[in-house]
Amino acid sequence: MFPEAIEALTRACESRWQNPSSLYREAGEAKQLLEDARTELADWLGIDEPERVLFTSGATESNNIVFRSHAEKLVVASEIEHPSVREPAAAGHAKFVEVDREGRADLESLASLLAGGDVSLVSLMAANNETGVIQPWREARALAQGVGVRFHCDAAQLVGKGDAEFLGECDWVTGSAHKFGGPKGVGFLVIPEDCEVSGASIGGPQEFGMRAGTENYPGIASMLAALNRAQQLLSGTGAIAKARDGFEARIRSEIPKSRVCGEGAERLWNTSMLVLPAHRNTKWLTRLSRRGFQVSTGSACSSGKGNPSHVMQAMGLDFDEMGRVLRISGGWETAESDWEALGDALVEIFEEMESG
Ligand code: PLP
């Protein structure tokens, strides 16, 4: 979390702890601050109606609401969506858009599914959580809206980390604070104009009667503080991407036959998905962990289940390759020296395992 976000959270917990829906004066002030935060987020997204922004507990909840609102109807999503999109989509009537070898959604596949008619929603994430590959969400939005179909963008990985211009033109948008330096357990969902969302929680009048439950004002204040900080730091992320690219080039040259997924595509500046030439990724992970590096073997959500990642499958990796994938995510504070130290560690571990 950004220090600014921690400070905003602490401050709001200390002085704005009231229930924003209560009637006494201080609660009214907290409610006003909450509405100011909603307006600020709507402005940032370029949305004129702040009522279109609902605060939620994060991207999983937001995505679930979107698909519950389209139950019984045909939805189209990409093969590489986060499980919080894929599973609710697949629980209903869904068709999936293919991706190319770089992990980019194929717009021709989308266009042909739309041409089949009857589609009520298209959903494409802005950037993939495993590869960091930026998706053609603006083009997909134009294709869907061009034939009168609503468009949802799970922008959890893009908000605060990349170019979000025109995000507010989507009918539905998902965001999550902990992906951009804010706290866990708070996020947002943009809903279409003139839409009464059903399928979120019931049992209270909060969020315009569409999502019951006491508002998490401290979390929301902290999310906005994080978004502001992330926006300020955006211009410096090119340098982090360069350090990451340097790391990848070194790995490719010093660990023969290793490769980088999605390398030929535009990617987020913080993500690197490596396919190593030998040894199971869990072995690499344990040795890196002993050296103090916290890396992943895939997305945390699918690795916990022990299933091969659907993203890697969609990108055409075979079973053996999937067992040799490491996913590395940096942060705003990740320096060139950190990427170099990780490169040293990987090369050392490789030599160690090859000789052992
Ligand atoms: N969507 C994407 C693209 C994600 O990367 C994640 C988190 O990993 C989620 C949804 C779920 O987010 P949350 O943890 O806020 O529920």
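The values are calculated or read from the model by the stated rules, or taken from the named source; none is laboratory data. What you see is a predicted model; the values in this text were computed from it and never measured. All Cβ positions, even for glycine, are placed from backbone atoms using ideal geometry, and neighbour counts span all protein chains on display.
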TODO: Determine, yes or no, whether MET312 is within 30 Å of GLY182 (Cβ to Cβ), modelled with pLDDT of 95 or more and not in a loop (DSSP other than H, G, I, E, B).
DONE: no
Task: Scope segment 54-72; condition within 16 Å of the ligand (Cβ to nearest atom) and among the hydrophobic types (A, V, I, L, M, F, W, C); matching residues - done: LEU54, PHE55, ALA59, ILE65, VAL66, PHE67
Open item on the list: Quick check on segment 225-246. Is at least one of its residues more than 21 Å from the chain's Cα centre (by Cα), surrounded by 14 or more Cβ atoms within 10 Å (Cβ to Cβ) and aliphatic (A, V, I, L, M)?
Closed with: yes
Open item on the list: Pairs please, first residue from segment 46-60 and under 18 Å from SER222 (Cα atoms), second anywhere and of a type in the set (Lys, Arg) and away from the ligand (no atom under 12 Å from the Cβ), Cβ atoms under 8 Å, 6+ apart in sequence or on different chains.
Closed with: VAL53/ARG38; LEU54/ARG211; PHE55/ARG38; PHE55/ARG211; THR56/ARG211
Open item on the list: When you scan segment 73-85, do you find a residue that is within 11 Å of the ligand (Cβ to nearest atom), over 23 Å from LEU41 (Cβ atoms) and of a type in the set (Val, Ile, Thr), even just one?
Closed with: yes
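Is it the case that segment 25-47 has a residue that's within 16 Å of the ligand (Cβ to nearest atom) and buried (at least 21 other Cβ atoms within 10 Å of the Cβ)? It would help to see each step written out before you state the result.
To start, the set of residues in segment 25-47 that are within 16 Å of the ligand (Cβ to nearest atom) comprises 41.
Now drop any that are not buried (at least 21 other Cβ atoms within 10 Å of the Cβ), which leaves 41.
Yes, segment 25-47 contains at least one residue that is within 16 Å of the ligand (Cβ to nearest atom) and buried (at least 21 other Cβ atoms within 10 Å of the Cβ).
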- [ ] Could you tell me which of the residues GLY209, GLY185, GLY203 is of a type outside the set (Phe, Trp, Tyr), within 13 Å of the ligand (Cβ to nearest atom) and either at positive phi or buried (at least 24 other Cβ atoms within 10 Å of the Cβ) (or both)?
- [x] GLY185
TODO: Name every residue in segment 141-162 that is under 16 Å from LEU227 (Cα atoms) and touching a residue at least 60 places away in the same chain (Cβ under 8 Å), in order of residue number.
DONE: ALA156, GLN157, LEU158, VAL159, GLY160, LYS161, GLY162
- [ ] Say whether the condition of being assigned to a helix (DSSP H, G or I) and within 16 Å of the ligand (Cβ to nearest atom) is met by at least one residue in segment 227-248.
- [x] yes
- [ ] Output the helices (runs of 4 or more DSSP H) that fall wholly within segment 1-109 and possess 1 or more residues being farther than 28 Å from VAL133 by Cα, or say none.
- [x] 3-15, 25-45
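Restricting to segment 68-82, name every residue that is buried (at least 18 other Cβ atoms within 10 Å of the Cβ) and either among the charged types (D, E, K, R) or under 18 Å from PRO308 (Cβ atoms) (or both).
Of the residues in segment 68-82, the ones buried (at least 18 other Cβ atoms within 10 Å of the Cβ) are 69-70, 75-82.
Across segment 68-82, the qualifying residues are SER78, GLU79, ILE80, GLU81, HIS82.
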Task: Pairs where the first residue, in segment 239-255, is more than 18 Å from THR131 (Cβ to Cβ) and the second is assigned to a helix (DSSP H, G or I) and β-branched (Val, Ile, Thr), C-beta under 7 Å, 6+ apart - done: GLU254/VAL347; ILE255/VAL347
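Kindly check whether there is at least one residue in segment 104-113 that is at pLDDT 95 or above, within 16 Å of the ligand (Cβ to nearest atom) and within 15 Å of ALA156 (Cβ to Cβ).
Let us first name the residues in segment 104-113 that are at pLDDT 95 or above, namely 104-113.
When the remaining residues are screened for being within 16 Å of the ligand (Cβ to nearest atom), the result is 104-105.
In the following step, the residues that additionally are within 15 Å of ALA156 (Cβ to Cβ) were identified as none.
No, because not a single residue in segment 104-113 is at pLDDT 95 or above, within 16 Å of the ligand (Cβ to nearest atom) and within 15 Å of ALA156 (Cβ to Cβ).
Does segment 119-133 contain any residue that is without any contact (Cβ under 8 Å) to a residue 40 or more places away in the chain, away from the ligand (no atom under 11 Å from the Cβ) and either surrounded by fewer than 21 Cβ atoms within 10 Å (Cβ to Cβ) or within 18 Å of GLY92 (Cβ to Cβ) (or both)?
Going residue by residue through segment 119-133, those that are without any contact (Cβ under 8 Å) to a residue 40 or more places away in the chain are none.
There is no residue in segment 119-133 that is without any contact (Cβ under 8 Å) to a residue 40 or more places away in the chain, away from the ligand (no atom under 11 Å from the Cβ) and either surrounded by fewer than 21 Cβ atoms within 10 Å (Cβ to Cβ) or within 18 Å of GLY92 (Cβ to Cβ) (or both).
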Open item on the list: Just the residues that are buried (at least 18 other Cβ atoms within 10 Å of the Cβ), of a type in the set (S, T, N, Q) and either within 19 Å of the chain's Cα centre (by Cα) or closer than 16 Å to GLY132 by Cβ (or both), please, taken from segment 278-300.
Closed with: THR297, SER299
Task: Verdict on SER112 being outside any strand (DSSP E or B) and closer than 24 Å to MET312 by Cα - done: yes
